[in-house]
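Trainee: The following block contains the structure, expressed as structure tokens.
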Amino acid sequence: MGRAPGTDPWTAAEIRRGRPADQEFTAQFAELLSYLHGTRPRMRAIPGEGANIPIHLLGSGVYSAALAARLGLPFVFAAHFAPTRLQEATDLYHSTFRPSQALSEPYAMVSVNAVLAEDDREAARLFTSVQQRFLATVRGRMQPLDPPVDDIHQLWTRDEAAAVAEQLSQSYIGTPETVRPRLEALVARTGARELIFMSETYDQAARMRSYELIASLWNPVTAR
């Protein structure tokens, strides 16, 4: 569960109900729990009531981290597009976690970008599709995933390159041998119990191979 509308700013403005985002999300989250727990006055959710669905709070800042810690729920950080507060959020979550009926100890997950290939140069080329999409966002546009390019530096200015690099700083690009130590360091510094991978490439076969190589980091059989 997350409080971001998951869309463009114009649609987001339309679907807001007038309250500040934090206040609205807290109220909506409590409302959802009341339906699942069967505690909603004069109203029941069928099916749904008593479903005992595990709920994870998703965030890209400290708000959801603090709420997940206070409620004793798993926390997921969306570092694949908003990595700047990753360390702050995971540190806060672990340091303020309160055990609950749902969870006895902190359970953090981190979502990152990863494009793996047979060699580092090819992985970097495939990743230029993602870089182009984020470049369009920096320029105020939304666009589908474009084919990779051989030289991404021909497409952006220095300031645009810096903005894209900041948004994509939690990206793991290369061969399994290149990426593994960086992912191990990520787990060590964030206390992540699980990693979620966004592996976007323009070519579907390259995407499937990337996920196979990601899986091979923990299960060498899948790399064959």
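The values are calculated or read from the model by the stated rules, or taken from the named source; none is laboratory data. All values derive from a computational prediction rather than experimental measurement. No Cβ is skipped: glycine too gets one built from the backbone with ideal geometry, and neighbour counts run over all protein chains shown. Accessible surface areas use protein heavy atoms only, side chains included; no ligands, DNA or RNA. Shrake-Rupley method; radii C 1.70, N 1.55, O 1.52, S 1.80 Å.
Trainee: Amide H of Met198 versus every other amide H placed in the peptide plane: which residues, excluding those fewer than 5 positions away on the same chain, fall under 5 Å?
Mentor: Val112, Asn113, Ala114
Trainee: Follow-up. Stretch Ser100-Ala205 to full length: gain in nm at 0.36 nm per residue minus the Cα-Cα span?
Mentor: Values: separation 105, 0.36 × 105 = 37.80 nm, distance 4.31 nm.
Extending this stretch completely gives an extra 33.5 nm.
Trainee: Another question about this same structure. What list of ³J(HN,Hα) values in whole Hz, one per residue of the range 26-39 in order, does the Karplus curve 6.51 cos²θ - 1.76 cosθ + 1.60 (θ = phi - 60°) give from phi, with Gly and Pro shown as x?
Mentor: Per-residue couplings from phi come out as 4, 5, 5, 5, 4, 4, 4, 4, 5, 5, 5, 8, x, 10 Hz.
Trainee: Quick one: which residues, 5+ away or cross-chain, put their amide H under 5 Å from the amide H of Gly2? H built at 1.01 Å from N.
Mentor: Result for Gly2 returns Leu58.
Trainee: Roll a 1.4 angstrom probe over the protein heavy atoms and tell me the percent of accessible area of the chain that is carbon or sulfur.
Mentor: Details: 6970 of 12820 Å².
Accessible surface attributable to carbon and sulfur in the chain totals 54 percent.
Trainee: Just to be sure I understand: with springs between alpha-carbon atoms less than 10 Å apart, which residue in Thr90, Thr175, Thr137 has the highest mean-square fluctuation in the Gaussian network model of the chain?
Mentor: Comparing Thr90, Thr175, Thr137 in a Gaussian network model of the chain, the most mobile one is Thr137.
Trainee: To continue, here is another question. I want the local charge near Val187. Using Cβ-Cβ distances under 15 Å, sum +1 for each Lys or Arg and -1 for each Asp or Glu among the other residues. Walk me through the intermediate numbers first.
Mentor: Numbers: positive: Arg180, Arg182, Arg189, Arg193; negative: Asp91, Glu184, Glu194.
Here the count lands on +1.
Trainee: On to the next question. Calculate, for the chain, the solvent-accessible area per residue in square angstrom, rolling a 1.4 angstrom probe over the heavy atoms of the protein chains.
Mentor: On the way: 12820 Å² over 224 residues.
Here the per-residue accessible area is 57 Å².
Trainee: Compute the distance from the alpha-carbon center of the range 30-109 to that of the range 149-171, in whole Å.
Mentor: When both Cα centres are located, 33 Å separates them.
Trainee: Please turn the phi angles of the range 166-180 into ³J(HN,Hα) values with the Karplus equation 6.51 cos²θ - 1.76 cosθ + 1.60 (θ = phi - 60°), one per residue in order, whole Hz, x for glycine and proline.
Mentor: 5, 5, 10, 5, 9, 10, 10, 10, x, 8, x, 5, 6, 7, 3
Trainee: Now, a different point. Between Asp120, Asp159, Asp91, where does the largest GNM mean-square fluctuation fall for the chain, given springs only between Cα atoms within less than 10 Å?
Mentor: Asp159
Trainee: Sequence gap at least 6, Cα distance under 8 Å: using those rules, report the relative contact order of the chain to the nearest whole percent.
Mentor: Working: 351 pairs, mean separation 40.4, N = 224.
Worked out over the chain, it gives 18 percent.
Trainee: Subtracting the Cα-Cα distance from 0.36 nm times the residue separation, let me have the gained length for Phe81 to Ala188 in nm, one decimal. Please report the intermediate quantities before stating the final value.
Mentor: Values: separation 107, 0.36 × 107 = 38.52 nm, distance 2.06 nm.
Working it through step by step, the gained length comes to 36.5 nm.
Trainee: Please give, to one decimal in nm, the separation of the simple spin-label points placed at Thr39 and Ser169, each 7 Å out from Cα toward the Cβ.
Mentor: Those two pseudo-labels are separated by 3.9 nm.
Trainee: Rounded to the nearest 0.05, what FRET efficiency is calculated for Glu177 and Arg139 with R0 set to 25 Å and r the Cβ-Cβ distance? Mind dumping the intermediate values first?
Mentor: On the way: r = 35 Å, r/R0 = 1.40.
Once rounded, the FRET efficiency stands at 0.10.
Trainee: Let me ask something additional. Can you show me the helix-derived [θ] at 222 nm for the chain, built from DSSP H runs with n ≥ 4 at -39,500 (n - 2.57) apiece and divided by the number of residues, rounded to the nearest 500. Mind dumping the intermediate values first?
Mentor: Values: 8 runs with 102 residues, N = 224.
Computed mean residue ellipticity for the chain: -14500 deg cm²/dmol.
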